[in-house]
Amino acid sequence: MANIISNILKVKDLRDRIFFTVVALIIYRLGSHITTPGIDPLGLEALIESLQGGALGGLISYIDLFVGGAFERFTIFGLGIMPYISASIIIQIMTTAVPHLERLAKEGDRGRKKIQQYIYFGTVLISVVQSFLIIRWMSQQEGVVSAEFIGRPVLFTVIVVITVVTGTMFLIWLGEQITHRGIGNGISLIIFAGIAARLPSEFLKTIESVRSGDFNPIAFVLLLLVFLAVTFFVVYQEQGQRRITVQFARKVVGRRVYGGQNSYLPFKINPTGVIPIIFASAVMLFPVQIAQLFGTNYPTVATVASYFTPGRLAYIIIFAFMVIGFAYIYTQVQFNPVEIAANLKRQGGYVPGFRPGQQTQEYLQRILIRITFAGAIFLAIVAVFPDILLNINVFNGMSPGFAYLMGGTSLLILVAVALDTIKQVETQLSMREYDGFLSPKKKK
């Protein structure tokens, strides 16, 4: 390990990229502690504490996972990067259904820039709607709005919406800077930093529950073993691939021979990553946000929305099926067998045993359906795993935040982003003939 760190420090470009990434993430974490103007921090803290243990408190803890505690404090980064993720997924799905977006996707760099602009517009729209719903709910709670804004709801709403939306757009810009000037995918690293920042406090909270007698020590040890097993399976699943052999026809041009080599198409067991879970979460949270806005006037709405709060049996079942459904939809968006088969045919490639074109397309479609089924079932289990743990009597007293951090979506994000970042560093070191994290040690 010391040798790897030494190699990293020797490469100036890599050293500068890591330094820039660290500084950018520190800026993100500092901003996560700056309270939004118009919000009374003490009043908000008292409100959050009063909701602990209830359905709404569990919902807030779940949302807070992806923003590193910024939502509970409702800071300038209170919405985090999630509106951008939601807008990206929506636009990508619409690309297969809207002819205009489909044409743009095929126009190369110009089309991608135009689609990116639509994603930015969608991010602003989603951020405005979400922040308005949250503000409407907060303004109805006693002690949350600071004294200077009491009786001035329009001014309070405008200031908070502008602040929160600006914070989200700044995070998008910061993530893009990390992507271009730092290490790895900046958006993913920002989500990673938000989740990782909460791990120490939630772990210490669980330890304190053990010391106070609220949580059984044996159950705590068993819980750690369960999390280790889940981590192993997540890593194993993230590394798993189905490789489809591809051969390229040999071409003779003059005295030179081109092509003729064998290659493969790597299809991951979980080709969609954590995207289906994030999108399903956003959809599941929408009824609860509507209930926050209208629940006081329409009790039926609040009653229906209560079944969509994390931990309820209805939530677990619906959430699992939605994750599986979105996994299939997003796989078709990301890996279109028709396009893959057409590209192989243009490049003179073919899958042995299948004719280029229709046969190859049907074969790839069958492979994707089978792989997606296994990956979707795995994602659904990972997504609902914390809710199942919290409903097991032996684990009573465990912090909900700790369960969500170590047992579900957050763990999948942590593992995926960590592996991707290691590969990025590995690639940089390999280009300069240095040993990396994954490189076999050279024999002396």
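The values are calculated or read from the model by the stated rules, or taken from the named source; none is laboratory data. Being a predicted model, the structure only gives us computed values, none of them experimental. Glycine also receives a Cβ, built like all others from the backbone with ideal geometry; neighbour counts cover every protein chain displayed.
Mind checking which residues of segment 312-357 are more than 20 Å from the chain's Cα centre (by Cα), within 22 Å of Phe385 (Cα to Cα) and surrounded by 17 or more Cβ atoms within 10 Å (Cβ to Cβ)?
Of the residues in segment 312-357, the ones more than 20 Å from the chain's Cα centre (by Cα) are 312-314, 317, 336-357.
Those left that are additionally within 22 Å of Phe385 (Cα to Cα): 312-314, 317.
Selection gives Arg312 alone.
Of all residues in segment 355-378, which are among the hydroxyl-bearing types (Ser, Thr, Tyr) and under 16 Å from Leu344 (Cα atoms)? Spell out the reasoning first.
Here is the first cut: in segment 355-378, the ones among the hydroxyl-bearing types (Ser, Thr, Tyr) are 360, 363, 372.
Of everything in segment 355-378, those that are among the hydroxyl-bearing types (Ser, Thr, Tyr) and under 16 Å from Leu344 (Cα atoms) turn out to be Thr360, Tyr363.
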Practice prompt. Keeping to segment 358-389, report how many residues are within 24 Å of the chain's Cα centre (by Cα) and either surrounded by 18 or more Cβ atoms within 10 Å (Cβ to Cβ) or of a type in the set (Phe, Trp, Tyr) (or both).
Written response: 16
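Quick one: which helices (runs of 4 or more DSSP H) lie wholly within segment 18-128 and hold at least 1 residues that are of a type in the set (S, T, N, Q)? Reasoning before the result, please.
Values: elements: 41-51, 55-64, 70-73, 82-95, 99-105.
Ranges flagged: 41-51, 55-64, 82-95.
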Practice prompt. Working only within segment 170-192, note down all residues that are buried (at least 16 other Cβ atoms within 10 Å of the Cβ) and hydrophobic (A, V, I, L, M, F, W, C).
Written response: Leu171, Ile172, Leu174, Ile178, Ile183, Ile187, Leu189, Ile190, Ile191, Phe192
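Is it true that Val164 is at pLDDT 85 or above, under 30 Å from Leu47 (Cβ atoms) and not hydroxyl-bearing (Ser, Thr, Tyr)? Step through it out loud before you land on a result.
Values: at pLDDT 85 or above: yes; under 30 Å from Leu47 (Cβ atoms): yes; not hydroxyl-bearing (Ser, Thr, Tyr): yes.
Criteria met by Val164.
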Fill in: Pair list, Cβ < 8 Å and 6+ apart or interchain, from segment 347-366 residues that are charged (D, E, K, R) to residues that are surrounded by 13 or more Cβ atoms within 10 Å (Cβ to Cβ)
Glu362/Pro337
Worksheet entry | Residue under evaluation Phe192, criteria (1) under 24 Å from Val425 (Cβ atoms); (2) not in a helix (DSSP H, G or I), criterion not met | (2)
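At pLDDT 75 or above, in contact with a Gly (Cβ under 9 Å, 6 or more places away or on another chain) and either over 18 Å from Ile195 (Cβ atoms) or not small (Gly, Ala, Ser) (or both): is that true of Gln237 in this structure? I'd like the intermediate steps shown before the answer.
On the way: at pLDDT 75 or above: yes; in contact with a Gly (Cβ under 9 Å, 6 or more places away or on another chain): yes; either over 18 Å from Ile195 (Cβ atoms) or not small (Gly, Ala, Ser) (or both): yes.
Yes.
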